[in-house]
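A short reminder: the numbers here are calculations on the coordinates, not readings from a lab. In this text, all values refer to a predicted model and were calculated from it rather than measured experimentally. Cβ coordinates were reconstructed from backbone atoms using ideal geometry, including for glycine residues, and neighbour counts include every protein chain displayed.
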Amino acid sequence: MIGPMSAQPETAPTAERDAASTAERDAASTAERDAAPTAGPDTLAPPDAVPALPEDRFGNRELSSLEFNARVLALAEDESQPLMERVNFLAIQANNVDEFYMVRVAGLKRRQSMGLSVRSMDQLTVREQLARISERAQELAERQARCFLEQVAPALAEHGIRFAHWDDLGEAERGRLHDYFREQIFPVLTPLAVDPAHPFPYISGLSLNLAVTVRDPDGHVERFARIKVPNNVPRFVAVTESGQVTTAARSGAAVSFLPLEDLIAAHLPTLFPGMRVVEHDVFRVIRNADFEVDEDRDEDLLQALERELARRRFGPAVRLEVAESMSPRVRELLVRELDVGAADVFSTPGLLDLSALWQLSDVGRPELERPAFVPATHPRLTEGESPRSVFAVLRDGDVLVHHPYDSFATSVQRFIEQAAADPHVLAIKLTLYRTSGDSPIVDALIDAAEAGKQVVVIVEIKARFDEQANITWARALERAGCHVVYGLIGLKTHCKIALVVRQEAGALRRYCHIGTGNYNPKTARIYEDLGLLTADPAIGEDLTALFNVLTGYARQPSYRRLLVAPQGVRSGIVERIEHQAEIARSGGAARIRIKVNHLVDEVTIDALYRASLAGVPIDLLTRTNCALRPGVPGLSQNIRVRSIVGRFLEHSRVYIFGVGDDAEFLLGSADLMHRNLDRRVEVLVRVSEPTAAEHLEEVVELAMADDTAGWDLGPDGEWRHVAGPGRRDYQEELVRRLASRAE
């Protein structure tokens, strides 16, 4: 092992933040800081006597994000995918682009408005980045619309699933829909006029709206009004073969879906009696949803965060989506009132907001879906004729679980539930970043607290888009008697760790879980993640020390089996990369394999470039963002970069350094990004159990194999789809292998 595993994570200095103006603090939001090159607190100086690296060695992080969405869209366009999977990929891609604009583009626009001149990793100005983003996003929007209108919708129609317009319906169907509108929709609609007495209304982010122009029959003056399409009723109204109107069709029978905005449009005369409806069109606004809480100035973090959540609704507009049929004058009105630039107006044929296509998952067409996948219980955790507790299993050795292939419910969830029910368990400590709405993990923690156990939960209430849910969980846990902590000032607690302290034979024994994914049973069925369950005393001591750091004022100088950010992960990773480079320079066998979601940290990328120049073969598996340029002669010719996009979201982080018996294996929560390495508490754990290490190696080797389908990144920054006959589907192959292991 190379040096100490980590240094103490410390809170960020506050003097500069206290001295900054309010505008400067706002400009230093997460999106901006991620975009600005920074060394970070644990940077190592590059070794002497290495060649200088070219200035154009980095790709653009924002454009890399859009290219991930292009890969998702490509799966929606892929006719070899099951039809309902293609529908789901369209919904995922639409949601991803929304979040990209709400956070990343919003951050760039804020920097532009404040005149901040920091360039991106590839030396683009903010204006240049926004121009390239707009151009690429427009291309993707057009591809998405064509994919739905020309490919997916016709294919669905062939199977009896149709998207109808009001004019396509028969009289009987219209009659039933009239009744549905009158009883279920009309009472919640509120037309808002725009005139000298009625200012232009606030348009909430992500809402679907109708822009309506009406005219008095006795005059020639036209008036504008806006109607918000309700977001608390299903977007698509189903009309089945029998003519029944319902909000979901589950029987598998033929069904027509009428978009709710079409139903409202057909009843506009009811909403504007005595007026003539001249025209109507659909539009949608994306707003800045990023914000920052000044943790140094607010004593009550919950109250400060709730105040900022209320402000999020009123963020500036960053994107306007309009129906292709919208008249120029209405479009100009919206552009003026919403204060968006021409480059941020997207004219879309067909349906807006394809994220609503998730509703089609209820139609009940198994023949259009992948075969049902049921996670298996890990063989070590199966309950035979003599059931054993998770604690008894872990006393015999570590267990590495791989979700969703290994069941979360019968591994991690069972571990927490058994700890809550076990009378010998004295304490449970856990970090909670995101969880499900009806979380059995939270229920178990509440049960444990009510049973008199000491329960400590670090709830990260700043987890983006889950802030309100986490505030609710925090208060429920506090009411049950749990000790709830909100982490460290200036840092997000992103690590996924759990510690159980149990009384055994007159002594205390610690049981641990360290994972790459959240304690969320729902996402554990669709996110690919890894977790180590262990009773290793060294790891138990490390987690005890780390929890003391998170809950108190402890300062831990080093850990035995962990790397902990923000002080130790970057330096630990770079140190290991440089050690492999030294081995290669001396003629030894060296190798680096890394699987992460994002690779955009300049210090780490430069270390990988230097290792490549030293002759180290490097395999990188990145899901979304990658600012490294592989395969460039004289820079990165020894580096390969691949991306896997499939039915499960690749989410685990694995680091492998070396070969054979000298290889070191790490897994944990940390991506190679500024926010993870500098502004979050992250944990990587060294995996030493041979079977677990062998599985980690198998996972990465399978993903990088020449006969595995995937996306390869070229030196020009273009992703190339490597697929076709004779190539394995990585995730389906893991389903097969782990199913055979269970048998």
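Each Lys and Arg Cβ is given +1 and each Asp and Glu Cβ -1; about its Cα centre, the chain then shows a dipole of about 620 debye.
Taking a straight Cα-Cα cut-off under 30 Å and skipping sequence neighbours fewer than 8 places away in the same chain, the lysines within cross-link reach of residue 228 are 109, 462.
Label separation (residue 204 vs residue 325): 2.7 nm, computed from points 7 Å beyond Cα along the C-beta direction.
May I ask for the net charge around residue 449, where only other residues with Cβ less than 13 Å from the Cβ of residue 449 are counted and Lys, Arg are +1 while Asp, Glu are -1? Net charge around residue 449: -1. Shape of region 596-689 from its Cα gyration tensor (a ≥ b ≥ c, root eigenvalues): rounded if a/c is under 1.5, otherwise prolate when a/b > b/c, or oblate? It comes out rounded by the Cα gyration axes.
Across the alpha-carbon atoms of the chain, the computed radius of gyration and Dmax are 27.3, 92 angstrom.
Distance cut-off 21 Å, Cα to Cα: go down the list 496/522; 453/492; 522/595 and report the pairs above it.
453/492; 522/595
For helix 569-585, what angle does its Cα long axis make with the longest principal axis of the chain, in degrees from 0 to 90 and rounded to 10? The helix 569-585 is inclined about 60 degrees to the chain.
Within a Cβ distance under 11 Å of residue 699, other residues only, what is the Lys/Arg minus Asp/Glu net charge?
Working: positive: 593, 595, 737; negative: 528, 650, 694, 697, 698, 701, 733.
So the environment of residue 699 carries a net charge of -4.
With respect to the chain, whose longest principal axis is taken over its alpha-carbon atoms, helix 126-146 is tilted by about 70°. Amide H contacts under 5 Å for residue 485: 457, 458, 459, restricted to partners 5 or more places along the chain or on a different chain, H placed in the peptide plane at 1.01 Å from N. With a cut-off of 20 Å on the backbone N, the residues of region 681-712 near the modelled label site 7 Å out from residue 143 along Cα-Cβ are 709-712. A Förster radius of 56 Å combined with the Cβ-Cβ distance from residue 503 to residue 279 puts the calculated FRET efficiency at roughly 0.15. Applying the criteria of a DSSP loop state and at most 16 other Cβ atoms within 10 Å to the GluC sites (Glu not before Pro) of region 70-147 yields 79.
Annotation: amide H of residue 708 within the under-5 Å range of 728, sequence separation 5 or more or interchain, hydrogens built in the peptide plane. For region 43-139, just say rounded, prolate or oblate: build the C-alpha gyration tensor, square-root its eigenvalues into a ≥ b ≥ c, call rounded for a/c under 1.5, and beyond that prolate if a/b exceeds b/c, oblate if not. Oblate.
Amide hydrogen proximity for residue 681: with H placed 1.01 Å from N in the peptide plane, the residues at 5 or more positions away or on another chain lying under 5 Å are 492, 493, 494, 495. Summing +1 for each Lys or Arg and -1 for each Asp or Glu among the other residues whose beta-carbon sits under 14 angstrom from that of residue 136 gives -2.
Nearest 10 degrees, 0 to 90: what angle lies between the long axis of helix 440-450 and the longest principal axis of the chain (Cα atoms)? The answer is roughly 60 degrees. Taken one residue at a time, the phi angles of region 275-280 give Karplus couplings (6.51, -1.76, 1.60, θ = phi - 60°) of 10, 9, 7, 7, 7, 8 Hz. Gly and Pro are set to x.
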